[in-house]
1. Kindly establish whether A82 is within 27 Å of A23 (Cα to Cα) and of a type in the set (A, V, I, L, M).
2. Within the bounds of the range 121-130, is there any residue that is touching a Leu at 6+ places or on another chain (Cβ under 6 Å) and touching a residue at least 12 places away in the same chain (Cβ under 8 Å)?
3. For the range 67-111, how many residues meet the condition of being within 18 Å of the chain's Cα centre (by Cα) and of a type in the set (D, E, K, R)?
4. Just to verify a result, which residue in the range 1-48, among those that are in contact (Cβ under 8 Å) with a residue 12 or more places away in the chain and among the charged types (D, E, K, R), is nearest to P117 (Cα to Cα)?
5. Filter the range 1-45 down to residues that are hydroxyl-bearing (S, T, Y) and surrounded by fewer than 16 Cβ atoms within 10 Å (Cβ to Cβ) and give me whichever is modelled with the lowest pLDDT.
6. Do you know which of the residues in the range 23-59 that are of a type in the set (S, T, Y) and in a helix (DSSP H, G or I) is farthest from A111 (Cα to Cα)?
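The values are calculated or read from the model by the stated rules, or taken from the named source; none is laboratory data. Remember, predicted model here, so these are calculated numbers, not experimental data. Virtual Cβ from ideal backbone geometry, glycine too; neighbours counted across all protein chains shown.
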Amino acid sequence: MYDFLLAVHNILRWIVLFLLILALVRAYWGWFGKREWTSTDRRVGTYYSVSLDIQLLLGLILYFGLSPITRIAFSDFGAALANTDLRYFVFDHVLMMVLAVIFAHVGVATAKRAAEPVIKHRRSAIWFSLSLIAILLGMPWFRPLLPGF
């Protein structure tokens, strides 16, 4: 079960990144092009935040239930934080990804509340950009890019 969920979690990161790039392109294009806010703009942002929610749920299942890495770390949390490799998965990765989820949801919510289309796009662009930075900082680039490779 662990290997399967880890593979799904790994594959889903590419879907999340694809939706994020699509949302960012639409947000910046709308902001600087002064385009109207469309239902497609809203849906792309929502799909991105939902995909992140699913990714977070899978990550939490791995983190609290299935991962041998976190089991080792939880047995001696102080020592795990002193170990760079363990600290990455126990603290750094989790922190960055939770921040990415928060930034994405703030982007969707603040865009929804804005009155003018350009402001909707600008808010989406800013918050989704912060989400991208958190994802890029927290993504385990040293792991295989796709399962099995």
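1. Numbers: within 27 Å of A23 (Cα to Cα): no; of a type in the set (A, V, I, L, M): yes.
Answer is no for this residue.
2. In the first step, residues of the range 121-130 are kept if they are touching a Leu at 6+ places or on another chain (Cβ under 6 Å); the result is 128.
When the remaining residues are screened for being touching a residue at least 12 places away in the same chain (Cβ under 8 Å), the result is 128.
Looking through the range 121-130, at least one residue is touching a Leu at 6+ places or on another chain (Cβ under 6 Å) and touching a residue at least 12 places away in the same chain (Cβ under 8 Å).
3. Residues meeting the conditions: 1.
4. E36
5. First, the residues of the range 1-45 that are hydroxyl-bearing (S, T, Y): 2, 28, 38-40.
From what's left, surrounded by fewer than 16 Cβ atoms within 10 Å (Cβ to Cβ): 2, 38-40.
On the way: Y2: 90, T38: 96, S39: 96, T40: 97.
Applying the filter and picking the extreme gives Y2.
6. Among those that are of a type in the set (S, T, Y) and in a helix (DSSP H, G or I), it is S51.
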